[in-house]
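Everything below concerns the one structure shown next.
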Amino acid sequence: MNININRKKIKGFVLIIGCGRLGASLANSLSDKDMEVTIIDRNKDAFRKLSESFGGLTLVGDATDIDTLKEAQISDCGVVVCVTNNDNTNVMSAQLAKELFHVEQVISRLYDPQRECVYKEYGIETICPSVLSAQKIDGILSNAYEGVSL
Ligand code: AMP
């Protein structure tokens, strides 16, 4: 996965929404780089996926709840990454981050690539696992079969 976050350019901290496999892994790696991270999940057990060295803040709450986002001090963060396992939730919290709280960079996971245009309209960057996987597999197969006539 290649989420392009430049530490030097970030004002404030990174807010990650969803502490699943992707969110926790990103939170661990940003925290290891000494970046300030806050991570939200509605299920407190999800934070077990964070490493022992994780130095950020955790907050139990719903990603679409404005009070939860305020409690996470979303207005002070430079980047929001929406990686719950639900496209509707991600689009809603990404829109709130962009439109209501004026966060500079908002990145969202999107399972359904056909909905990408909705995000583009709001200036939200998207990461689509199925598209990335297809491109990667295509690349592997192209290399493996280079010069071979099928
Ligand atoms: P994964 O599918 O492993 O990337 O996990 C997704 C994470 O998103 C899980 O830990 C869920 O508890 C979390 N999640 C799903 N919906 C919400 C929501 N509305 N607010 C906060 N966290 C959520």
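Observations
- Take the conditions (1) part of a helix (DSSP H, G or I); (2) at pLDDT below 95; (3) surrounded by fewer than 19 Cβ atoms within 10 Å (Cβ to Cβ); Val91 misses just one of them, which is (3).
- Of the residues making up region 6-17, one or more are within 8 Å of the ligand (Cβ to nearest atom) and either at pLDDT 95 or above or of a type in the set (Phe, Trp, Tyr) (or both).
- Test set (1) away from the ligand (no atom under 16 Å from the Cβ); (2) more than 20 Å from Leu30 (Cα to Cα); (3) among the small types (Gly, Ala, Ser); (4) under 18 Å from the mean Cα position of the chain (by Cα) - Ala134 fails condition number: (4)
- Taking region 23-48 as the range and being within 16 Å of Val106 (Cβ to Cβ) and either within 9 Å of the ligand (Cβ to nearest atom) or touching a residue at least 60 places away in the same chain (Cβ under 8 Å) (or both) as the test, the residues that pass are Gly23, Ile40.
- Subset of region 108-118 (residues that are touching a Ser or Thr at 6+ places or on another chain (Cβ under 8 Å) and closer than 18 Å to Gly18 by Cα): Ser108, Arg109, Leu110, Tyr111
- Criterion violated by His102 - all others in (1) within 15 Å of the chain's Cα centre (by Cα); (2) assigned to a loop (DSSP other than H, G, I, E, B); (3) exposed (fewer than 14 other Cβ atoms within 10 Å of the Cβ) satisfied: (1)
- Checklist (1) in contact with a Pro (Cβ under 8 Å, 6 or more places away or on another chain); (2) assigned to a helix (DSSP H, G or I) applied to Leu132, failing item: (1)
- In region 106-127, the qualifying residues are those that are within 14 Å of Val14 (Cα to Cα) and free of Cβ contacts under 8 Å to residues at least 40 places away in the same chain, and the one that is surrounded by the fewest Cβ atoms within 10 Å (Cβ to Cβ) is Val106.
- Taken over region 54-93, the residue count meeting the criterion of being away from the ligand (no atom under 12 Å from the Cβ) and over 17 Å from Phe13 (Cβ atoms) is 2.
- Within region 33-52, the set of residues being surrounded by fewer than 19 Cβ atoms within 10 Å (Cβ to Cβ) and either modelled with pLDDT of 95 or more or in contact with a Lys or Arg (Cβ under 7 Å, 6 or more places away or on another chain) (or both) comprises Lys33, Met35, Glu36, Arg42, Asn43, Lys44, Asp45, Phe47, Arg48, Lys49, Ser51, Glu52.
The values are calculated or read from the model by the stated rules, or taken from the named source; none is laboratory data. These numbers were taken from a predicted model, which means no experiment stands behind them. Don't worry about glycine lacking a Cβ; one is built from the backbone with ideal geometry, like all the others, and counts go over all protein chains shown.
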